[in-house]
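Computed from the coordinates by the stated procedures, all read-outs in this text should not be read as laboratory data. The structure displayed is predicted, hence computed values, not measured ones. Here the Cβ positions follow ideal geometry from the backbone for every residue, glycine too, while neighbour counts run over all protein chains shown.
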Amino acid sequence: MPPVTHGADPLAAPPPLPSLQRGPEPARIGNVLIGTASWTEKTLLASRTFYPPSVTTAEQRLRYYVRHFPVVEVDATYYALPSLENSRRWVERSGPDFVFGVKAYAALTQHPIEPLRLDRDLQSALPADLRRRKSVYMRDLPPDVLDQVWLRFRSALAPLESAGKLAYVLFQMPRWFVPSRESAAYLEHAAERRAGGHRVPPAGLDDRASRPEDARLPPRGGPRVRERR
């Protein structure tokens, strides 16, 4: 059977997989929004079941995705700092009721980062030995560089926030981030740095130290880190 082309508008074509053609558009059940982690996730693209063959550019894929889902989680921001221009494009290419969840940059969640993925001026501000490393941690970064990382992450999300399109920022913590006074203190610090003195959308926490035997609980009466899944 030849594919349905819907004239010259590729965004009007149904997904190639027939079972995906029966759901509501956008995917929503009451006040529950349904979406995926990235609209350009590799296995999603490789499956060739969702996007029609004629939907090939980044702009087309986001506009097509928005027709079918009301929310998406952006995971590219975990691997590299987001850009102001990308946020502006996302606002322009999504409908008025569409929202984005954004993963916090790896350095802000105590994961290692690749120095070569930092903005060039930040790379230049690193000591020579750090620039040569394959990966570095937040604790390794000079304070002025870390301040810029927080500032640029927060500033890049401004277009989404001002348009009412930033649903949450996800702090995906590593497995060694276990419940302790230090962990609770860092989460409070991160919330303050994330806000930058302003009211901001909520932050989600993905705590990977999920097994009780892996978690060092704080002394009695101490703060606890809660999992949100």
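Arrange the peptides 177-188, 41-52 so that the one whose residues have, on average, the most other Cβ atoms within 10 Å appears first.
Ranking the peptides 177-188, 41-52 by packing returns 177-188, 41-52.
Tell me, what ³J(HN,Hα) does each residue in region 33-47 have, in order and in whole Hz, if you take phi through Karplus 6.51 cos²θ - 1.76 cosθ + 1.60 with θ = phi - 60° and put x for Gly and Pro?
For region 33-47, the Karplus curve yields 9, 10, x, 10, 8, 5, 8, 10, 4, 4, 5, 5, 5, 5, 5 Hz.
Name the long-range amide H neighbours of LEU170: under 5 Å, sequence gap of 5 or more, or other chain; modelled H, no Pro or chain starts.
Distant-sequence amide H within range of LEU170: VAL102, LYS103, ALA104, GLY204.
May I ask for the net charge around TRP90, where only other residues with Cβ less than 13 Å from the Cβ of TRP90 are counted and Lys, Arg are +1 while Asp, Glu are -1?
That sum, taken over residues with Cβ under 13 Å, equals +1.
Just to confirm a number: summing +1 for Lys and Arg and -1 for Asp and Glu over residues other than ALA125 whose beta-carbon lies under 15 angstrom from that of ALA125, what do you get?
Counting the neighbours of ALA125, the net charge comes to 0.
Which of the listed residues, LEU170, PHE98, VAL145, is farthest toward the dipole's positive end in region 25-214, when Lys, Arg count +1 and Asp, Glu count -1 at the beta-carbon?
PHE98
Rounded to whole Hz and in sequence order, give me ³J(HN,Hα) for region 60-70 from the Karplus expression 6.51 cos²θ - 1.76 cosθ + 1.60, θ = phi - 60°, writing x for Gly and Pro.
So the J values, rounded to whole Hz, are 4, 5, 5, 4, 5, 4, 4, 5, 10, 10, x.
Would you kindly state how much longer the chain becomes between LYS42 and ALA76 on full extension, computed as 0.36 nm times their sequence separation minus their alpha carbon distance, in nm to one decimal?
11.0 nm is the gain from fully extending LYS42 to ALA76.
For region 25-214, state the semi-axes of the equivalent ellipsoid (square roots of 5 times the eigenvalues of the alpha-carbon gyration tensor), sorted largest first and rounded to whole angstrom.
So the three semi-axes of region 25-214 are 30, 20, 17 Å.
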